[in-house]
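Notes for the one structure printed next.
The values are calculated or read from the model by the stated rules, or taken from the named source; none is laboratory data. Everything numeric here is computed off the predicted structure, so don't read it as measured data. All Cβ positions, even for glycine, are placed from backbone atoms using ideal geometry, and neighbour counts span all protein chains on display. Surface areas here come from the heavy atoms of the whole protein model, side chains and all, with no ligands, DNA or RNA. Shrake-Rupley method; radii C 1.70, N 1.55, O 1.52, S 1.80 Å.
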Amino acid sequence: MSFGAETPFILLARVQVKPDKVQEYLLLAAKTDKAVEDSEPGMLHHTFDQDPENQLCFVWSEVYKNDEAFLSHLANPPVEEYLKRHAELGDSVTLEFYGTVGDKCLEVIKGTGVRFKVFTTKLGYSRV
(Lines give C-alpha, C1' and ligand atoms only; values in the text may rest on other atoms or scores of the structure.)
Protein backbone atom coordinates (compact mmCIF):
# COMPACT_ATOMS: atom_id res chain seq x y z
CA MET A 1 0.00 0.00 0.00
CA SER A 2 1.19 3.50 -0.78
CA PHE A 3 0.77 6.06 2.00
CA GLY A 4 0.20 9.76 1.37
CA ALA A 5 -2.49 12.37 0.81
CA GLU A 6 -5.34 9.86 0.47
CA THR A 7 -4.60 7.70 3.51
CA PRO A 8 -5.51 8.14 7.20
CA PHE A 9 -3.05 9.57 9.70
CA ILE A 10 -2.86 10.38 13.40
CA LEU A 11 -2.15 13.78 14.89
CA LEU A 12 -1.15 14.33 18.51
CA ALA A 13 -1.24 17.99 19.50
CA ARG A 14 0.47 18.48 22.86
CA VAL A 15 -0.57 21.72 24.54
CA GLN A 16 0.40 23.41 27.77
CA VAL A 17 -2.05 25.84 29.35
CA LYS A 18 -1.24 28.89 31.46
CA PRO A 19 -1.87 28.11 35.17
CA ASP A 20 -4.56 30.75 35.62
CA LYS A 21 -6.35 29.85 32.35
CA VAL A 22 -7.12 26.11 32.76
CA GLN A 23 -10.89 26.45 33.37
CA GLU A 24 -11.29 28.89 30.48
CA TYR A 25 -9.23 26.60 28.24
CA LEU A 26 -11.33 23.56 29.17
CA LEU A 27 -14.51 25.42 28.20
CA LEU A 28 -12.95 26.42 24.87
CA ALA A 29 -11.78 22.84 24.25
CA ALA A 30 -15.26 21.43 24.97
CA LYS A 31 -16.90 23.95 22.63
CA THR A 32 -14.39 23.20 19.87
CA ASP A 33 -14.70 19.43 20.31
CA LYS A 34 -18.49 19.57 19.91
CA ALA A 35 -18.23 21.81 16.85
CA VAL A 36 -15.75 19.42 15.22
CA GLU A 37 -17.99 16.43 15.97
CA ASP A 38 -20.97 18.19 14.38
CA SER A 39 -19.21 19.48 11.25
CA GLU A 40 -16.28 17.25 10.26
CA PRO A 41 -17.13 13.78 8.91
CA GLY A 42 -13.45 13.29 7.96
CA MET A 43 -12.43 13.44 11.63
CA LEU A 44 -12.52 9.79 12.63
CA HIS A 45 -11.37 10.23 16.24
CA HIS A 46 -11.09 13.35 18.41
CA THR A 47 -10.23 13.34 22.14
CA PHE A 48 -8.74 15.82 24.61
CA ASP A 49 -6.77 14.11 27.37
CA GLN A 50 -5.02 15.48 30.45
CA ASP A 51 -1.49 14.44 31.39
CA PRO A 52 -1.73 12.53 34.71
CA GLU A 53 1.58 14.00 35.88
CA ASN A 54 1.08 17.63 34.89
CA GLN A 55 -2.35 19.23 35.23
CA LEU A 56 -1.38 21.99 32.79
CA CYS A 57 -0.57 19.61 29.91
CA PHE A 58 -3.15 18.17 27.53
CA VAL A 59 -3.10 16.13 24.31
CA TRP A 60 -5.54 16.32 21.43
CA SER A 61 -5.61 12.88 19.75
CA GLU A 62 -7.00 13.08 16.24
CA VAL A 63 -7.36 10.59 13.40
CA TYR A 64 -7.99 12.04 9.97
CA LYS A 65 -9.47 10.19 7.00
CA ASN A 66 -6.93 11.90 4.70
CA ASP A 67 -5.12 15.19 4.05
CA GLU A 68 -8.32 16.86 2.81
CA ALA A 69 -9.98 16.17 6.18
CA PHE A 70 -7.06 17.86 7.98
CA LEU A 71 -7.12 20.90 5.70
CA SER A 72 -10.90 21.18 6.22
CA HIS A 73 -10.29 21.01 9.98
CA LEU A 74 -7.89 23.95 9.89
CA ALA A 75 -10.41 25.99 7.86
CA ASN A 76 -13.33 25.21 10.19
CA PRO A 77 -14.35 28.54 11.88
CA PRO A 78 -14.59 27.07 15.43
CA VAL A 79 -11.08 25.62 15.02
CA GLU A 80 -9.78 28.97 13.76
CA GLU A 81 -11.29 30.58 16.88
CA TYR A 82 -9.72 27.90 19.10
CA LEU A 83 -6.28 28.48 17.57
CA LYS A 84 -6.53 32.24 18.07
CA ARG A 85 -7.63 31.81 21.70
CA HIS A 86 -4.87 29.27 22.34
CA ALA A 87 -2.38 32.10 21.86
CA GLU A 88 -3.79 33.89 24.92
CA LEU A 89 -4.64 30.84 27.07
CA GLY A 90 -1.84 28.42 26.24
CA ASP A 91 1.89 28.42 26.77
CA SER A 92 2.96 26.02 24.02
CA VAL A 93 1.83 23.55 21.38
CA THR A 94 3.72 20.80 19.56
CA LEU A 95 2.29 18.68 16.74
CA GLU A 96 3.23 15.06 16.01
CA PHE A 97 1.97 13.41 12.82
CA TYR A 98 2.00 9.61 12.63
CA GLY A 99 1.53 8.45 9.07
CA THR A 100 2.57 9.96 5.78
CA VAL A 101 0.99 13.21 4.68
CA GLY A 102 1.04 14.64 1.15
CA ASP A 103 3.11 17.56 -0.08
CA LYS A 104 0.28 20.13 0.08
CA CYS A 105 -0.55 19.16 3.65
CA LEU A 106 3.12 19.31 4.65
CA GLU A 107 3.42 22.83 3.23
CA VAL A 108 0.38 23.95 5.24
CA ILE A 109 1.84 22.40 8.41
CA LYS A 110 5.15 24.21 7.82
CA GLY A 111 3.27 27.47 7.33
CA THR A 112 1.64 27.33 10.77
CA GLY A 113 4.84 28.29 12.55
CA VAL A 114 4.15 25.61 15.16
CA ARG A 115 6.79 23.06 16.17
CA PHE A 116 6.02 19.74 14.50
CA LYS A 117 7.41 16.35 13.62
CA VAL A 118 6.16 13.96 10.92
CA PHE A 119 6.77 10.24 11.45
CA THR A 120 6.70 8.82 7.91
CA THR A 121 5.16 5.39 7.45
CA LYS A 122 7.61 2.71 6.36
CA LEU A 123 5.29 -0.29 6.49
CA GLY A 124 1.82 -1.28 7.63
CA TYR A 125 -1.75 -0.90 6.44
CA SER A 126 -4.93 1.07 7.08
CA ARG A 127 -8.48 -0.21 7.20
CA VAL A 128 -11.10 2.44 6.66
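What residue among Ser61, Cys105, Phe116 has its Cα farthest toward the positive end of the dipole of segment 46-128, where the charges are +1 on Lys, Arg and -1 on Asp, Glu, each on the Cβ?
In segment 46-128, that residue is Cys105.
If you roll a 1.4 Å probe over the heavy atoms of the protein chains, what accessible area per residue do you get for the chain, in Å²?
Per residue, the chain has 60 Å² of solvent-accessible surface.
Under a GNM of the chain (C-alpha, springs under 10 Å), which listed residue has the highest mean-square fluctuation: Asn54, Asn66, Asn76?
Judging by the Gaussian network model, the answer is Asn54.
Could you pull out every one of the lysines with an alpha carbon less than 17 Å from that of Lys21, ignoring same-chain neighbours closer than 8 positions?
Straight-distance partners of Lys21: Lys31, Lys84.
Could you look at segment 1-78 and say what percent of its accessible area is carbon and sulfur, using a 1.4 Å probe and all protein chains? Present the calculation step by step, with values, prior to reporting the outcome.
Working: 2350 of 4270 Å².
It is 55 percent, rounded to a whole number.
Tell me what the chain gives for mean residue ellipticity at 222 nm when only DSSP H runs of n ≥ 4 count, each as -39,500 (n - 2.57), the sum divided by the residue total, rounded to 500 deg cm²/dmol. Before the final figure, lay out each step's value.
On the way: 4 runs with 49 residues, N = 128.
About -12000 deg cm²/dmol.
What number does segment 1-54 give for Rg over Rh if you use C-alpha atoms and the Kirkwood radius? List each step's numbers first, then the result.
Numbers: Rg = 14.5 Å, Rh = 13.6 Å.
Reported Rg/Rh (Cα atoms, Kirkwood Rh): 1.07.
Under the 0.36 nm per residue contour assumption, what length would be gained going from the current alpha-carbon distance of Glu107 and Glu80 to full extension? Intermediate values should be presented prior to the final figure.
Numbers: separation 27, 0.36 × 27 = 9.72 nm, distance 1.80 nm.
Here the segment from Glu107 to Glu80 would lengthen by 7.9 nm.
Among the listed pairs Lys65/Lys122; Lys34/Lys117; Lys34/Lys65; Lys65/Lys104, which are separated by more than 21 Å between their Cα atoms?
Numbers: Lys65/Lys122 19 Å; Lys34/Lys117 27 Å; Lys34/Lys65 18 Å; Lys65/Lys104 16 Å.
Lys34/Lys117, as the Cα separations exceed 21 Å there.
Nothing charged except the Cβ atoms of Lys and Arg (+1) and of Asp and Glu (-1): what's the magnitude of the dipole of the chain about its Cα centre? Round to the nearest 20 debye.
Values: 14 positive and 20 negative charges, 59 e Å.
Using Cβ point charges on Lys, Arg, Asp and Glu, the chain gives about 280 debye.
Would you kindly state how much longer the chain becomes between Asn54 and Lys117 on full extension, computed as 0.36 nm times their sequence separation minus their alpha carbon distance, in nm to one decimal? Before the final figure, lay out each step's value.
Working: separation 63, 0.36 × 63 = 22.68 nm, distance 2.22 nm.
Length gained between Asn54 and Lys117: 20.5 nm.
Roughly how many debye, to the nearest 20, is the charge dipole of segment 43-111 about its Cα centre, given +1 on each Lys and Arg Cβ, -1 on each Asp and Glu Cβ, and no other charges? Write down the numbers at each step before the final one.
On the way: 5 positive and 13 negative charges, 41 e Å.
So the dipole magnitude of segment 43-111 works out to roughly 200 debye.
Using a Gaussian network model on the chain with a 10 Å cutoff between Cα atoms, which of Glu37, Glu81, Glu53 fluctuates the most?
Highest fluctuation among the options: Glu53.
Sort largest first and round to whole Å: the equivalent ellipsoid semi-axes of segment 85-128, each the square root of five times a Cα gyration tensor eigenvalue. Could you put the intermediate results ahead of the total?
Values: eigenvalues 130, 31, 17 Å².
Value: 25, 12, 9 Å, ordered largest first.
Compute for segment 35-95: radius of gyration divided by Kirkwood radius, i.e. Rg/Rh, restricted to C-alpha atoms, rounded to two decimals. The partial results should precede the final answer.
Details: Rg = 12.5 Å, Rh = 12.7 Å.
For segment 35-95, the value is 0.98.
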